[in-house]
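In what follows, a structure is listed as structure tokens, so that the remarks can point back to it.
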Amino acid sequence: MEPKKNFTIKSRIKSFAYAFNGIKRLLLSQHNAWIHLVITVFVVVLGFVLQLSTVEWCLIVLAMMIVWTAEGVNTAIEFLSDAVSENHHPLIESAKDIAAGAVLISAIGAVVIGILVLYPHL
């Protein structure tokens with residue numbers, strides 16, 4: 001086990017750089033992330049136009065955050081799976097399918113939240 005490193009501002013800044021690099025890689029490599037991005041921008045613009053309340057914004061942001069998080073975890077699982085084996089393996093296939101299913105579940109939930117929050121304003 002690796003010994004704990006001391007806390008430094010430089011190491012914290014590096015950790016943020018790694019995280020932003022991960023977001024960039026997600027956006028550049030995943031077509032579904034492009035779809036999420038377009039929908040995110042559309043919903044944010046619509047939210048401003050409809051003048052959502054603070055509570056409504058919280059629900060919308062939470063829904064978007066869950067979808068983005070699920071997409072990021074799904075992508076990480078895909079990358080790790082591909083690194084472990086280039087050959088087909090039923091357990092890797094199952095892991096990828098389950099991770100993709102989690103993204104779909106979160107996206108469906110986000111759509112439901114979006115309808116519940118936005119529809120009354122329309």
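A quick yes/no check of all residues on (1) closer than 17 Å to Ile113 by Cβ; (2) at pLDDT 95 or above; (3) not hydrophobic (A, V, I, L, M, F, W, C):
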| position | (1), (2), (3) |
| --- | --- |
| His36 | yes, yes, yes |
| Gly47 | yes, yes, yes |
| Leu50 | yes, yes, no |
| Glu56 | yes, yes, yes |
| Ala70 | yes, yes, no |
| Val73 | no, yes, no |
| Val84 | no, no, no |
Seminar exercise, completed: Listed by first then second residue, the pairs whose first member lies in segment 40-65 and is in contact (Cβ under 8 Å) with a residue 24 or more places away in the chain, whose partner is part of a helix (DSSP H, G or I) and among the aromatic types (Phe, Trp, Tyr), with beta carbons under 7 Å and at least 6 positions apart or on separate chains, are Gly47/Trp57
For this session: Would you confirm whether any residue within segment 2-12 is at pLDDT below 95, of a type in the set (A, V, I, L, M, F, W, C) and out of contact with any strand residue (DSSP E or B) (no Cβ under 8 Å at 6 or more places or on another chain)?
Result: yes
For this session: Scan segment 99-122 for residues that are exposed (fewer than 12 other Cβ atoms within 10 Å of the Cβ) and among the aliphatic types (A, V, I, L, M) and report the count.
Result: 4
Problem set entry | Selection count, segment 44-90, where residues are more than 21 Å from the chain's Cα centre (by Cα), part of a helix (DSSP H, G or I) and surrounded by 13 or more Cβ atoms within 10 Å (Cβ to Cβ) | 1
Exercise. If you check every pair at least six apart or on different chains, which have Cβ atoms under 8 Å apart with a residue in segment 1-30 that is assigned to a helix (DSSP H, G or I) first and a residue that is basic (Lys, Arg) second?
Worked result: Ser11/Lys5
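The values are calculated or read from the model by the stated rules, or taken from the named source; none is laboratory data. This one's a predicted model, so the numbers in the text were calculated from it and none came from an experiment. A quick note on method: Cβ atoms are made from the backbone with ideal geometry, for glycine too, and the neighbour counts reach across all protein chains shown.
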